[in-house]
Amino acid sequence: MAVILDGKVLAAKLKEDIKEQVAALKGEGVAPKLAVILVGDDPASQVYVRNKKRDCEEVGIISQSITLPADTGREELTGIIKSLNADSSVHGILVQLPLPDGLDGTEITQLIAPEKDVDAFSYYNVGRIMTGDYSFVPCTPAGCMELIKLSGVAVEGKNCVVIGRSNIVGKPMAMLLMQENGTVTVCHSRTVNLADITRRADILVAAIGRAGFVTGDMIKEGAVVIDVGINRCEDGKLRGDCDFDSCAAKASFITPVPGGVGPMTRVMLLKNTINAAIIQGGKENA
Ligand code: GUN
């Protein structure tokens with residue numbers, strides 16, 4: 001039976017460290033501030049934005065919420081982002097995705113100044129992740145790396161398999177694992193004989209978006225299983241991309257859903273905001 005990698009406990013611990021860092025920065029005259037822009041009234045996005053605000057408040061980061069109607073135009077949104085870019089009291093800017101129809105999330109994201117891009121979605125920050133020289137890492141892959149670290153299993157030399165090739169999770173996850181000297185395979189919806197590949201994984205990261213997709217017979221005995229999926233099922237419950245019981249019976253370590261990657265993603269946003277404040281506050285070279 002696998003050991004559970006408890007993201008809730010680890011996130012709470014990291015939050016305490018962040019709280020201290022925020023207090024120290026404030027003592028040096030830098031008050032970290034995150035601006036979060038929500039366009040439209042998508043209920044899931046409203047929950048995410050509310051959680052981000054609460055997380056910031058818990059550690060002493062100033063949060064500014066900008067809520068805009070769904071019919072907000074490209075020019076108006078562009079103007080708001082530009083004024084936040086120019087506002088030296090704001091260190092991090094996040095535009096909650098997805099944006100309503102008519103606004104292109106990829107295009108809008110590129111307007112955020114790279115040094116304030118705490119999601120690390122801008123081409124500049126993506127490029128820095130490619131080269132292994134980065135200040136910001138997308139929050140979910142960064143959270144996954146912390147959970148792997150918690151397992152105590154070294155990535156170096158291991159077969160690492162990532163299922164999912166999204167720009168937000170799969171691709172940057174592969175880069176981070178490579179950076180730690182893992183041998184990385186990225187699988188996706190067109191992969192042939194997926195289970196043959198996943199069964200070779202010492203470290204398996206599942207980011208597919210389908211509840212219970214990965215079953216115990218698809219994983220290697222003793223694997224570390226990181227489940228990125230958060231799927232709301234018909235019974236109202238949240239389930240991961242991995243079938244927990246059959247995977248936990250074979251894995252050495254596994255993350256639960258909820259309480260695994262999710263809380264870590266949230267705390268990594270706080271960490272990126274602190275890094276942004278440090279860089280812009282002139283306390284460290286970027
Ligand atoms: N929507 C879902 N995940 C994310 C994320 O990581 N960042 C932003 N900005 N929006 C999201």
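Annotations
- Only one of ILE18, ILE37 that is closer than 23 Å to PRO258 by Cβ and either in a helix (DSSP H, G or I) or within 21 Å of the chain's Cα centre (by Cα) (or both): ILE18
Residue by residue, here is whether (1) modelled with pLDDT of 95 or more; (2) in a helix (DSSP H, G or I); (3) out of contact with any Lys or Arg (no Cβ under 9 Å at 6 or more places or on another chain); (4) closer than 15 Å to ALA276 by Cβ holds:
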position	(1), (2), (3), (4)
SER45	yes, yes, yes, no
ASN51	yes, yes, no, no
ILE66	yes, no, yes, no
ILE80	yes, yes, yes, no
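- For the range 107-126, the candidate set comprises residues that are part of a helix (DSSP H, G or I) and within 15 Å of the chain's Cα centre (by Cα); within that set, the residue that is nearest to ILE279 (Cα to Cα) is ASN125.
Results for (1) at negative phi; (2) assigned to a loop (DSSP other than H, G, I, E, B), shown as yes or no for each residue.
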| position | (1), (2) |
| --- | --- |
| GLY229 | yes, yes |
| GLY236 | no, yes |
| ALA251 | yes, yes |
| GLY259 | no, yes |
| GLY262 | yes, no |
| ARG266 | yes, no |
| THR273 | yes, no |
| ALA276 | yes, no |
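- Of all the listed residues (LYS53, LYS26, LYS33, LYS15), the sole one being charged (D, E, K, R), touching a strand residue (DSSP E or B) at 6+ places or on another chain (Cβ under 6 Å) and more than 16 Å from the ligand (Cβ to nearest atom) is LYS33.
- Annotation for the range 57-68: at least one member residue is of a type in the set (S, T, N, Q), within 15 Å of the ligand (Cβ to nearest atom), touching a residue at least 12 places away in the same chain (Cβ under 8 Å) and buried (at least 18 other Cβ atoms within 10 Å of the Cβ).
- Test: residue in the range 155-176 that is over 19 Å from the mean Cα position of the chain (by Cα) and within 22 Å of ASP217 (Cβ to Cβ): yes
- In the range 164-178, the residues that are more than 15 Å from the ligand (Cβ to nearest atom), more than 20 Å from VAL214 (Cβ to Cβ) and surrounded by fewer than 18 Cβ atoms within 10 Å (Cβ to Cβ): MET178
- Output for the range 97-153, where each listed residue is more than 15 Å from the ligand (Cβ to nearest atom), of a type in the set (Val, Ile, Thr) and within 19 Å of GLY170 (Cα to Cα): THR131, ILE148
The values are calculated or read from the model by the stated rules, or taken from the named source; none is laboratory data. If you're wondering where the values come from, they're calculated on a predicted model, not measured in any experiment. Positions of Cβ are generated from backbone atoms using ideal geometry, with glycine treated the same way; all protein chains shown enter the neighbour counts.
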